[in-house]
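Just below is one structure, and these are the notes that go with it.
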Amino acid sequence: EIGRALDLVVASLSNMFGGASCAIRLFDSNKAEFGRWVGAGALKDWWDHPPRPEGTSWHVVNNKIPLYVEDTLAAPPTGQPGVRKEAIDKGVKAIAYLPLVSKGTSIGILYVNLDAPHRFSENEQRVLELFADQAAIAIENARLFQQVQQRAQALELLGEVSSKISAQLDVDATLKLIVEGAMQLTETDSGVVHLVDEGSQSVLRSVELPEGFHHPAPR
């Protein structure tokens, strides 16, 4: 399960650096946006702050190259964004940003935040980058497993709905079963189905769920 995988990754990374504040934030390359995050350590609840446009996180996912900031108060090199003020105010003095890359695509970032300036040694960088590679594999495997489970559940639900519909002779009851099945498949709270006459382009029947929900008739 992907939530469990994320928890294990940040907990292991935090332990590796003596209880440092660590986090992982997923990235959707199709939508070009950051999404789910998990944190560990003193700053575990701080990560609901979305990354800044043109900030360090975007720099890392776009370049797919690790970024090591030895001192957050020092001026960044030319072309590299500085660390956000909120992180510095929280006492973050050094940061390692590790891109998570799967099949050439950025899927997230691992963060290691330290409360003192720190030069990440070659050995530390090697370990962190190997760790990030393994984390990306674990996340991708969890995603694939979740997709397989969702497809299996959808097929099972479709079979149940089809069986109920085939045994139902009442039109309104059939339409209700269709809406209920569609709502379950899409995990939504409301739905509507319209039975239309293509010739006259008029709505013959409509079923809306839940009761009281109103959706405009098709034009």
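Numerical summary
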| quantity | calculated |
| --- | --- |
| Count - residues of the range 174-208 that are in contact with a helix residue (DSSP H, G or I) (Cβ under 9 Å, 6 or more places away or on another chain) and in a helix (DSSP H, G or I) | 8 |
| Index of the failed condition, Q80 passing every other in (1) under 25 Å from the mean Cα position of the chain (by Cα); (2) more than 30 Å from L144 (Cα to Cα); (3) open to solvent by 20 Å² or more (accessible area, probe 1.4 Å) | (1) |
| Of all residues making up the range 48-68, the number that are open to solvent by 50 Å² or more (accessible area, probe 1.4 Å) and among the aliphatic types (A, V, I, L, M) | 1 |
| Candidate set from the range 108-128 (those that are of a type in the set (D, E) and surrounded by 15 or more Cβ atoms within 10 Å (Cβ to Cβ)); member that is farthest from D89 (Cα to Cα) | E124 |
| Condition check for A75: modelled with pLDDT under 95, within 20 Å of A23 (Cβ to Cβ) and either among the small types (G, A, S) or part of a helix (DSSP H, G or I) (or both) | no |
| From the options E140, E156, residue that is of a type in the set (D, E), free of Cβ contacts under 8 Å to residues at least 40 places away in the same chain, in a helix (DSSP H, G or I) and open to solvent by less than 70 Å² (accessible area, probe 1.4 Å) | E140 |
| Cβ pairs under 6 Å, 6+ apart, first in the range 163-189 and hydroxyl-bearing (S, T, Y), second at pLDDT below 80 and open to solvent by less than 90 Å² (accessible area, probe 1.4 Å) | T174/I165; T174/Q168 |
| Qualifying residue in the range 106-126 (condition: under 30 Å from E187 (Cβ atoms), touching a residue at least 24 places away in the same chain (Cβ under 8 Å) and of a type in the set (K, R)) | no |
| Every residue from the range 15-35 that is over 12 Å from the mean Cα position of the chain (by Cα) and part of a strand (DSSP E or B) | S21, C22, A23 |
| Residues (over 17 Å from V83 (Cβ atoms) and polar (S, T, N, Q)) located in the range 1-60 | S12, S14, N15, S29, N30 |
| Considering residues of the range 105-163 that are of a type in the set (K, R) and modelled with pLDDT of 90 or more only, the residue nearest to G41 (Cα to Cα) | R119 |
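The values are calculated or read from the model by the stated rules, or taken from the named source; none is laboratory data. Quick caveat: nothing in here was measured; it's all calculated off a predicted structure. Note that we place each Cβ from the backbone using ideal geometry, even for glycine, and neighbour counts take in every protein chain shown. Surface accessibility is based on the protein's heavy atoms, side chains included, excluding ligands, DNA and RNA. Shrake-Rupley method; radii C 1.70, N 1.55, O 1.52, S 1.80 Å.
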